[in-house]
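Structure first, then comments.
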Amino acid sequence: MEISDITEYLPILVSLALGIPIVWWFFWKKQPSIVVPPIKPSPGSQKKPKPKPEVEDPKDSGLIPVKIFFGSQTGTAEDFSHKLAAESKRYKFFPKVLDLDDTKRQN
């Protein structure tokens, strides 16, 4: 057997020597079990209760009535509309915050 005969099989032998451990590493090695902890909601993500509407009549108080509509799935628009309503009271408006899902559409 000459050296040229061995060099013919060298790429095959190297491929097997490296390939078998790599295949074993990815497919047959026992994978560690991953435990995912449950996700806890953050304190700010919980919905705040809606403030109760005031019974004061805007006509008697001299305030300008304003309706603020919001449509939100995450609660961001609702929070903003309540903040806007609180701020509008400082400028002599009588705000009423309404959810678009709770209102009826008029043509």
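If you scan region 93-107, which residues turn out to be touching a residue at least 12 places away in the same chain (Cβ under 8 Å) and loosely packed, with under 10 Cβ neighbours inside 10 Å?
Selection gives D101 alone.
Residue check: S81 meets all listed conditions (1) surrounded by 10 or more Cβ atoms within 10 Å (Cβ to Cβ); (2) modelled with pLDDT under 80 but one, namely (2).
The values are calculated or read from the model by the stated rules, or taken from the named source; none is laboratory data. Every value quoted in this text rests on a predicted model; they were computed, and no experiment measured them. Cβ: placed from backbone, ideal geometry, glycine included. Neighbour counts: every protein chain shown.
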